[in-house]
1. Is it possible to state the helix-based mean residue ellipticity at 222 nm for the chain, with each DSSP H run of 4+ residues giving -39500 (n - 2.57), the sum divided by total residues, to the nearest 500 deg cm²/dmol? What is it?
2. For THR36 paired with ASP131, estimate the spin-label separation in nm (one decimal), with each label point 7 Å from Cα along the Cα-to-Cβ line.
3. How far is helix 2-15 tilted, in degrees, relative to the longest principal axis of the Cα atoms in the chain, given as a value from 0 to 90 rounded to the nearest 10?
4. Once you've got the GNM for the chain with C-alpha springs shorter than 10 Å, pick whichever of PHE128, PHE30, PHE164 has the biggest mean-square fluctuation.
5. Jot down the per residue volume, in cubic angstrom and as a whole number, of the convex hull over the alpha-carbon atoms of region 66-182.
6. Of the residues GLU127, GLU22, GLU67, which exhibits the maximal mean-square fluctuation in a Gaussian network model of the chain defined by a 10 Å Cα contact cut-off?
7. Report the FRET efficiency, 1/(1 + (r/R0)^6), for GLN106 and LEU73, where r is their Cβ-Cβ distance and R0 is 45 Å, rounded to 0.05.
8. Over all directions, what mean area does the Cα convex hull of region 52-119 project, stated in square nanometres?
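The values are calculated or read from the model by the stated rules, or taken from the named source; none is laboratory data. Everything numeric here is computed off the predicted structure, so don't read it as measured data. Quick reminder, even Gly has a Cβ in these numbers, built from the backbone with ideal geometry, and neighbours come from all protein chains shown. Side chains are part of the model used for accessible areas, which takes the heavy atoms of the whole protein and leaves out ligands, DNA and RNA. Shrake-Rupley method; radii C 1.70, N 1.55, O 1.52, S 1.80 Å.
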Amino acid sequence: MIRVVISFIFSFLFVNGIFAAEVTKKNIEFFVEHTTKNVTGVCNEIQMDTPNIQVSGNHYILKSPFELKIPLLKITSGDSNRDSHIQEILGYPDSTNILVKIESVQPEKDQTYTIKGKLTIHGKTKEFVTDATVKPENPNSLLVDGSLVVKFSEYELENPSLLFMKAKDEIQVKYHFQIRLK
């Protein structure tokens, strides 16, 4: 009887395993459109909690929320003057990070997942929803790609300007993560 119970527990854990995960690649790009010049900022030095992922059949389930911190000083566009202006708009030095709390990840169709969470910029927190593609790279690794649009006005931020002309109110945010399941 004990053997049957142990076999049942082992098979349940094996089929529906909960994995700690290590994020091996982190990349977020910010794209702002302006009438004279479009600007792309990149951050590869994102700090984040370890996501707790459960594999269930062909789907991945987030077992608990986790946070990401995007250090404002690590967002670069290739122009240090522009970078410091953007950092100031985003609240630096009072706010040193953009905070993202991933609260839920729900499988949709194929390899698409809906991600819900909260985004905090310069002390203002708003809920967000984004779709992401989650593809197995190999049995122990996932690629997560997605994007979302954030508006300067939603966070009461000044639109960046160049030559007295303001950039569009939208920031296109693209993210790419590689997650290794342990």
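1. -4000 deg cm²/dmol
2. Taking the two extended label points, one gets 3.7 nm.
3. The two axes meet at around 30 degrees.
4. Judging by the Gaussian network model, the answer is PHE164.
5. Spread over its residues, the Cα hull of region 66-182 gives 129 Å³ apiece.
6. GLU127
7. Between GLN106 and LEU73 the formula returns 0.85.
8. 6.1 nm²
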